[in-house]
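K.L.:
My questions will all concern the structure given below.
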Amino acid sequence: MTGLLIFGVLVLLVGGVILLYNGLVRLRVRSDEAWSDIDAQLKRRYDLIPNLVETVKGYASHERGLFEKVAELRSRAMGTPGPREKGAVEGELTQALRTLFAVAENYPQLRASENFLQLQQNLAEVEEQIQLSRRYYNAVVRDLNTRIRVFPSNLIASWFDFKERDFFELEAPEERRPVRVQF
């Protein structure tokens, strides 16, 4: 009888470990998948930026410094790994794009250009998808990080080397300030 009781307790413990481990694996896979979704949307954004810059360049050629900054930030963002680092660069890139659109407001012919309007609409759609993907990713990371921290799954997480993930947050200080355009 005692042997059966010990066997039952062991089965429950092993079953609990398996359930906790599988839950952590599921959250890790979901966070990888969510990051992949963000990455795909950012790639779409990176593909639109050169066309947008070229279109604006045709009307506002004297804004060379802004065009160079957008191109440099795009290159940095494309080569930056991980959510924390990418969030900082993406925040700067978003601010530069806002400045680019603010400059475009001063050119009525550009605003009326079919190509510019299409690019602007495509970029707005991509930005919305990035925001949705970012919310989903951050929610999954929150769940994973919580599971890694709470008892008893924190024991399983440490045994199997599960690490907390970084949130994807836009960290540019300019993100909080209004856009300023000077001529």
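K.L.:
Considering the dipole of the stretch 102-149 built from charges on the beta carbon (Lys and Arg +1, Asp and Glu -1) around the Cα centre, which of Y107, A139, Q118 is farthest to its positive end?
P.N.:
Of the candidates, A139 comes out farthest on the positive side.
K.L.:
How far is it, in nm, from the label point at E114 to the one at R76 when both lie 7 Å from their Cα along the line to the Cβ?
P.N.:
Result: 3.7 nm between the two label points.
K.L.:
Only helices at least 24 Å long along their own axis, judged from Cα atoms, and with Kyte-Doolittle mean hydropathy of -0.5 or greater: name those in the chain from DSSP H. Intermediate values should be presented prior to the final figure.
P.N.:
Details: long enough: 2-57 (82 Å, 0.57); 83-104 (30 Å, -0.04); 114-149 (52 Å, -0.79).
Both cut-offs are met by 2-57, 83-104.
K.L.:
Follow-up. Determine which residues of the stretch 8-32 fall in the zone a paramagnetic label at N154 would reach in this model, i.e. backbone nitrogen under 14 Å from the point 7 Å along Cα→Cβ.
P.N.:
The answer is none, because no backbone nitrogen lies closer than 14 Å to the label point.
K.L.:
Rounded to a whole number, what is D in µm²/s for the stretch 1-92 from Stokes-Einstein with the Kirkwood radius over alpha-carbon pairs (10 °C, 1.306 mPa s)? Don't jump to the answer; show the numbers that get you there.
P.N.:
Values: Rh = 17.3 Å.
Taking Rh from Cα pairs, D becomes 92 µm²/s.
K.L.:
Identify all lysines with a Cα-Cα distance to K57 below 17 Å; exclude those on the same chain that are fewer than 8 residues away in sequence.
P.N.:
Hits, sequence-local ones excluded: K69.
K.L.:
Continuing with the same structure: What trypsin sites (Lys or Arg not before Pro) does the stretch 122-164 have in DSSP loop regions with at most 11 other beta carbons within 10 Å?
P.N.:
Values: sites: R134, R135, R142, R147, R149, K163; in loops: K163.
Passing sites in the stretch 122-164 are K163.
K.L.:
What whole number of Å gives the distance from the Cα centroid of the stretch 59-84 to the Cα centroid of the stretch 102-152?
P.N.:
Cα centroid of the stretch 102-152 versus Cα centroid of the stretch 59-84: 17 Å apart.
K.L.:
Among the GluC sites (Glu not before Pro) within the stretch 13-108, which fall in a DSSP loop and have no more than 13 other Cβ atoms within 10 Å of their own Cβ? Working shown, then result.
P.N.:
On the way: sites: E33, E54, E63, E68, E72, E85, E90, E92, E105; in loops: E63, E105.
Passing sites in the stretch 13-108 are E105.
K.L.:
Using a cut-off of 9 Å between beta-carbons, work out the net charge of the residues near I38 (Lys and Arg +1, Asp and Glu -1, I38 not included).
P.N.:
Numbers: positive: K86, R134; negative: D37, D39.
Neighbourhood net charge equals 0.
K.L.:
Separate question: At q = 0.15, 0.19 Å⁻¹, what is the log10 ratio I(q)/I(0) for the chain, with the Debye formula run over Cα points and no solvent?
P.N.:
-0.89, -1.20
K.L.:
Continuing with this model, one more query. To the nearest 0.05, how large is the calculated FRET efficiency for D166 and Y107 if R₀ is 35 Å and r is the Cβ-Cβ distance? Can you show the working numbers first?
P.N.:
On the way: r = 39 Å, r/R0 = 1.12.
Step by step, r from the Cβ atoms, then E = 0.35.
K.L.:
Could you work out [θ]222 nm for the chain from helices alone, using -39500 (n - 2.57) per DSSP H run of at least four and dividing by all its residues? Round to the nearest 500 deg cm²/dmol. Don't skip to the end; give the middle numbers.
P.N.:
Working: 6 runs with 141 residues, N = 183.
Estimated from H runs of four or more residues: -27000 deg cm²/dmol.
K.L.:
Let me ask something else. Going from the alpha-carbon gyration tensor of the stretch 57-99, what semi-axes, largest first and in whole Å, does one get by taking the root of 5 times each eigenvalue?
P.N.:
Numbers: eigenvalues 107, 18, 7 Å².
For the stretch 57-99, the ellipsoid semi-axes come out as 23, 10, 6 Å.
Read the figures in this text as sums done on the coordinates, not as results from a lab. In this text the structure is predicted, and so the values were computed from the model without any measurement. Note: ideal-geometry Cβ built from the backbone for every residue, glycine included; neighbour counts use all protein chains shown.
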